[in-house]
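Below is one structure, written out as structure tokens; comments come after it.
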Amino acid sequence: METVTYKGRILSLPHGVGNDVVFLRTDRIKEYGLKMPREDWTWDDFLALAKAFTKTDRNQYGFGLRGAGQSAMLYATEFMYGNGAQVMKDGKVVINSPRPCRR
């Protein structure tokens with residue numbers, strides 16, 4: 001609700017609820033000699049695994065998002081908000097700030 005509240009007023013309500021997941025290529029984890037992440041893995045763990053999966057010479061990348069149209073923005077913002085991004089701060093739009101914003 002925090003992301004849709006401005007000056008104490010709710011500006012929108014959720015339209016739907018989904019259950020998104022992260023799929024891992026266990027065959028590649030084995031092939032590259034990596035370890036499966038623990039249940040409490042962090043964003044740093046996620047980034048390290050995505051980098052280890054990335055093989056640009058094979059046009060192979062360690063992370064991708066599904067979606068097109070409005071869904072493309074939805075999935076990207078879920079990751080952004082989960083990692084501390086903000087749309088507004090102190091009444092100003094900060095999502096396009098050149099400096100990262102943290103809560």
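The values are calculated or read from the model by the stated rules, or taken from the named source; none is laboratory data. Not measured: the values here are computed from a predicted model. All Cβ positions, even for glycine, are placed from backbone atoms using ideal geometry, and neighbour counts span all protein chains on display. What goes into the accessible areas is simple: the full protein's heavy atoms, side chains included, and nothing from ligands, DNA or RNA. Shrake-Rupley method; radii C 1.70, N 1.55, O 1.52, S 1.80 Å.
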| Given a 1.4 Å probe, how much area per residue of segment 1-62 is accessible, in Å²? | 91 Å²
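Multiply the residue separation of Val93 and Arg9 by 0.36 nm, subtract the distance between their alpha-carbon atoms, and state the gained length in nm to one decimal.
On the way: separation 84, 0.36 × 84 = 30.24 nm, distance 1.64 nm.
Between Val93 and Arg9, full extension yields an extra 28.6 nm.
Below 15 angstrom from the Cβ of Arg38, what's the summed charge of the other residues (Lys, Arg +1; Asp, Glu -1)?
Numbers: positive: Lys35; negative: Glu39, Asp40, Asp44, Asp45.
With Lys, Arg at +1 and Asp, Glu at -1, the net is -3.
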